[in-house]
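Input: a single structure, listed below in structure tokens.
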Amino acid sequence: MAKSTFSGPVVSNNGFIGAGAGNIVALTVETTLTFDDHAGKLIQIDDADGAVTLPSIKTTELGAQYRFFIGTDSTDLDIKTDGTDKFSGSLSVAGTTTAAFASDVSSNDVISMNGSTTGGDKGSYVEITAMATNEYLVQGVLIGSGSVATPFADS
């Protein structure tokens with residue numbers, strides 16, 4: 001289906017529902033996401049030690065959501081920005097203990113999952129939204145083990 005662009009408000013009294021095989025994108029190798037191919041879709045990551053890079057935030061794409069489902073246990077999996085954009089928000093990591101970790105909005109541009117203390121086991125879920133120029137909002141739950149630690153890091 002072609003991409004539709006509207007210049008004014010769009011009203012749907014019953015909502016829009018994205019469904020079907022095209023709404024799930026499976027990644028098995030390191031990938032740089034694009035707004036056109038990945039925004040608004042569920043992105044299943046089946047690469048235990050790869051990296052997924054979010055697109056640079058553009059003002060015309062504010063509000064774009066990137067939802068991630070971890071489909072295989074991570075060993076060294078990163079979700080990262082272009083280095084200029086930073087993360088705000090928080091992630092919970094559930095292991096032997098459970099804790100919520102807030103990002104450092106001024107420097108954190110990587111979510112690093114090791115499958116244990118920083119989470120990333122199969123079933124983990126992260127939602128990232130382009131909120132403002134240079135700011136992605138993060139929320140989600142990472143499944144791990146042991147005494148949990150922050151998954152947020154700097155590149």
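The values are calculated or read from the model by the stated rules, or taken from the named source; none is laboratory data. It should be emphasised that the depicted structure is a prediction, and the values quoted were computed from it without experimental measurement. Counting neighbours? That spans all protein chains shown, and the Cβs are built from the backbone with ideal geometry, glycine included.
Leu27 fulfils the conditions (1) hydrophobic (A, V, I, L, M, F, W, C); (2) in contact (Cβ under 8 Å) with a residue 40 or more places away in the chain; (3) surrounded by 16 or more Cβ atoms within 10 Å (Cβ to Cβ) except for a single criterion, (2).
Only one of these is modelled with pLDDT of 95 or more, out of contact with any Leu (no Cβ under 6 Å at 6 or more places or on another chain) and either of a type outside the set (D, E, K, R) or not in a strand (DSSP E or B) (or both): Thr96, Thr117. Name it. Of the residues listed, the single one that is modelled with pLDDT of 95 or more, out of contact with any Leu (no Cβ under 6 Å at 6 or more places or on another chain) and either of a type outside the set (D, E, K, R) or not in a strand (DSSP E or B) (or both) is Thr117. Filtered by the rule that a residue be buried (at least 20 other Cβ atoms within 10 Å of the Cβ) and assigned to a helix (DSSP H, G or I), region 36-66 gives a lone residue, His38. For Gly123, the stated conditions hold: it is of a type in the set (Gly, Ala, Ser), part of a loop (DSSP other than H, G, I, E, B) and at pLDDT 95 or above. Could you check, for region 76-83, whether at least one of its residues is in contact with an Asp or Glu (Cβ under 9 Å, 6 or more places away or on another chain), under 23 Å from Ser107 (Cα atoms), in a strand (DSSP E or B) and not charged (D, E, K, R)? Scanning region 76-83, I find at least one residue that is in contact with an Asp or Glu (Cβ under 9 Å, 6 or more places away or on another chain), under 23 Å from Ser107 (Cα atoms), in a strand (DSSP E or B) and not charged (D, E, K, R), so the answer is yes. Has region 67-77 got at least one residue that is more than 11 Å from the chain's Cα centre (by Cα), over 30 Å from Ala21 (Cα atoms), surrounded by 22 or more Cβ atoms within 10 Å (Cβ to Cβ) and small (Gly, Ala, Ser)? Checked region 67-77: no residue is more than 11 Å from the chain's Cα centre (by Cα), over 30 Å from Ala21 (Cα atoms), surrounded by 22 or more Cβ atoms within 10 Å (Cβ to Cβ) and small (Gly, Ala, Ser).
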